[in-house]
Amino acid sequence: MKTIGVLTSGGDAPGMNAAVRAVVRTACEKGIKVIGINRGYQGLIDCDVRDLDIRSVSDIIHRGGTMLYSARCLAFKEEEGIKKGIANCKKLGIEGIVVIGGDGSFRGARDLSLRGIPCIGIPGTIDNDIVSSDYTIGYDTSLNTIMQMVDRIRDTVESHSRCIVVEVMGNRCGDLTLNAGIAVGATAIVIPEIQADVEQHVIERIRRTQKTGKKHFIVMVAEGIGGVDALAKKIQAECGVESRSVVLGHVQRGGSPTVRDRVLASQMGYRAVELLSEGVGNKVVVVKDDKIVDYDIYEALTMKKPVDISLYQIAHDISI
Ligand code: F6P
């Protein structure tokens, strides 16, 4: 392989830059030219590209966001968009692509691979919702950000003997909410994977904790559940504790990546280029039991990841 492309797609995640850096440097080391594709698949359709060399990726390992920009490209779900992308690959001499993103981005990678442009996917999303991988790039940074933000909120909640209901990102996946919830000692955690009567569950948890003498409460709710404002009002009415709600929002997606995300991104970027240089495509590079492994994209997209019930039970038992 003489020339490969690299793109970042979907919601950005801290550590994407470290992955781009690893891809570019590994390829350069192997004598492979790298073309950076801007704004994900949209850039492939529009031929919005730039050449990257070892110095183009200097001073980005510590930066959040993505130097290649990102987009959610609906046009690439259509045959016409895919055809334009393939035509541009041919024009630019791109023989393989590393795609850094989530499940939606991997579907695009599979479509290209099936049409003769081998692609390797790398899981980059704060949500940790790529079922084939134990961790995704950006998840650890986001968890730490959420913990820091809620620790700050705790200061004021404690001073005023209030309850705060916090909405956490994660799309349809509760991993961020559950793990951050344990880390901040939340009295109640609500995630989409565990079916419950939300109001009843949260109010019971708060009443139980009130009986032990506690006067301030943190409730963590996954965005897939939503309704934090109404829930705060209900808590105030039913439990007699002044309550507020906050949606943490995009603060969770920014910031300098943690050590874990930088190392993971570097390992995955390195392996992705190794695979392409061996002529292997249609794969995702993931982490399983602390090892970097690869799966067929289709296999990866159809895997199922059950929620960690034991973790939920721990939160339930020790946050009192
Ligand atoms: O996939 C990452 C994520 O931040 C999700 O947690 C959230 O549901 C979504 O992206 C928000 O997307 P946008 O930035 O397009 O509003």
May I ask you to verify whether Arg21 is of a type in the set (Lys, Arg) and within 16 Å of the ligand (Cβ to nearest atom)?
no
Residue tally, condition farther than 19 Å from Ile191 by Cβ and open to solvent by 60 Å² or more (accessible area, probe 1.4 Å), over the stretch 225-241:
5
Taking Val285 as the residue in question, decide whether it is among the aliphatic types (A, V, I, L, M), over 14 Å from Ile120 (Cα atoms) and not in a helix (DSSP H, G or I).
no
Inspect all residues belonging to the stretch 281-289 and state whether any of them is away from the ligand (no atom under 16 Å from the Cβ), touching a residue at least 24 places away in the same chain (Cβ under 8 Å), charged (D, E, K, R) and open to solvent by less than 50 Å² (accessible area, probe 1.4 Å).
no
Testing Leu276 on (1) touching a Ser or Thr at 6+ places or on another chain (Cβ under 9 Å); (2) assigned to a helix (DSSP H, G or I); (3) of a type in the set (A, V, I, L, M, F, W, C), one condition comes back false. Which one is that?
(1)
Among the candidates Arg50, Arg21, Arg72, which residue alone is of a type in the set (Lys, Arg), open to solvent by 30 Å² or more (accessible area, probe 1.4 Å) and part of a loop (DSSP other than H, G, I, E, B)?
Arg72
Which of the residues spanning the stretch 140-171 are open to solvent by 10 Å² or more (accessible area, probe 1.4 Å) and within 16 Å of the ligand (Cβ to nearest atom)?
Asp140, Leu143, Asn144, Thr145, Met149, Glu167, Met169, Asn171
Inside the stretch 290-317, the number of residues satisfying the requirement of being modelled with pLDDT of 95 or more, open to solvent by 60 Å² or more (accessible area, probe 1.4 Å) and in contact with a Lys or Arg (Cβ under 9 Å, 6 or more places away or on another chain) is 0
Determine whether Asp134 is among the acidic types (Asp, Glu) and either closer than 13 Å to Leu44 by Cβ or assigned to a helix (DSSP H, G or I) (or both).
no
Given (1) among the hydrophobic types (A, V, I, L, M, F, W, C); (2) open to solvent by 70 Å² or more (accessible area, probe 1.4 Å); (3) in contact (Cβ under 8 Å) with a residue 24 or more places away in the chain, where does Met268 come up short, assuming only one miss?
(2)
Go through the stretch 137-192 and give me each residue that's charged (D, E, K, R), touching a Phe, Trp or Tyr at 6+ places or on another chain (Cβ under 9 Å) and within 16 Å of Thr209 (Cβ to Cβ).
Arg162
Among the residues of the stretch 88-123, how many are among the β-branched types (Val, Ile, Thr), away from the ligand (no atom under 16 Å from the Cβ) and either at pLDDT below 95 or buried (at least 24 other Cβ atoms within 10 Å of the Cβ) (or both)?
4
For the condition within 27 Å of Ile130 (Cβ to Cβ), more than 16 Å from the ligand (Cβ to nearest atom) and open to solvent by less than 40 Å² (accessible area, probe 1.4 Å), what is the one hit in Ala186, Ala196, Ala180, Ala222?
Ala186
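The values are calculated or read from the model by the stated rules, or taken from the named source; none is laboratory data. Quick caveat, the model's predicted, so the values are computed rather than measured. Using ideal geometry, Cβ is built from the backbone for each residue, glycine included, and neighbour counts are taken over all protein chains shown. Note: areas computed on protein heavy atoms with side chains; ligands, DNA, RNA excluded. Shrake-Rupley method; radii C 1.70, N 1.55, O 1.52, S 1.80 Å.
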